[in-house]
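Encoded as structure tokens, the structure appears first; notes follow it.
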Amino acid sequence: MRFQMDESFRGRNSVNHNLPKPIAFNCWKHHMGYIKDALISNDLCNFSHLNIHEIIQFIGDSNVDFYYGDLDTISISDQIICRITAEIDLNIDNFTEWVSSKGRDYKEIVLSDGSSWTIRLGQIDNRFIHIHPSRYSKKTLRVKSSTLKTAVAFFFNFGFSTENISVEKINYIRHKIVKLPLFKSNSSLAALSRVVGVFSLD
């Protein structure tokens, strides 16, 4: 998957506007492949620590369900739209009725790689299908948002090599970019190391 800067990236918007409508998907919060491609793209060459600090705010402040499978964001969107349109004529009224038809405000769809995705009514008129990986789905890691923010900032600053990861380097990142409290010992690196390990998978 090749990263392509879109209006959401330029405008610091959490929804990726390169995806087919009516999908609303926060790729910085939920898709490892998108983040990796973004971090190695030429579009970030002139970015500063302040720019990255602004972008990682897309990740939010709660726990994150983070997809690390092989499906890119377009494939995920296309499969979800295909599944929904097999059941309804896709417009916002039909979708609103469909997504709440079982007495809940969401539905789940399993994609071709076995990953499960939660589908909700979005808040943008032309992107009313809000999607994110389901909790504890296959190929999905559940992490604290602060851990994911730190990992993204670490890779931006030091690249994707996991060698020599240390409390000193992580604390530099957390102080200069992420603006979070410093780690006090190597034991604090356990959760971060798990995320770094997932990013390092081929």
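The values are calculated or read from the model by the stated rules, or taken from the named source; none is laboratory data. In this text the structure is predicted, and so the values were computed from the model without any measurement. Here Cβ is always computed from backbone atoms with ideal geometry, including for glycine, and neighbour counts include all displayed protein chains.
Among residues of segment 105-119 being among the charged types (D, E, K, R) and farther than 13 Å from D65 by Cβ, the one that is surrounded by the fewest Cβ atoms within 10 Å (Cβ to Cβ) is D105.
Selection of segment 97-131 for residues being farther than 20 Å from K21 by Cβ and β-branched (V, I, T) yields only V110. Scanning segment 11-48 for residues that are in contact with a helix residue (DSSP H, G or I) (Cβ under 9 Å, 6 or more places away or on another chain), modelled with pLDDT under 75 and outside any loop (DSSP other than H, G, I, E, B) returns D43, L44. Scanning segment 132-158 for residues that are surrounded by fewer than 21 Cβ atoms within 10 Å (Cβ to Cβ), over 30 Å from E168 (Cβ atoms) and not charged (D, E, K, R) turns up S134, Y136.
Taking every residue in segment 47-74 that is not assigned by TED's automatic domain parsing to the domain that holds N157 and surrounded by fewer than 16 Cβ atoms within 10 Å (Cβ to Cβ) and pairing it with any residue that is modelled with pLDDT under 90 and not in a helix (DSSP H, G or I), at least 6 positions away or on another chain, the pairs with Cβ-Cβ distances below 6 Å are E54/R12. Look at segment 146-158: where a residue is over 15 Å from A38 (Cα atoms) and outside the structural domain of I35 (by TED's automatic domain parsing), no partner that is among the hydroxyl-bearing types (S, T, Y) and surrounded by fewer than 24 Cβ atoms within 10 Å (Cβ to Cβ) sits 6+ places away or on another chain with Cβ atoms under 6 Å.
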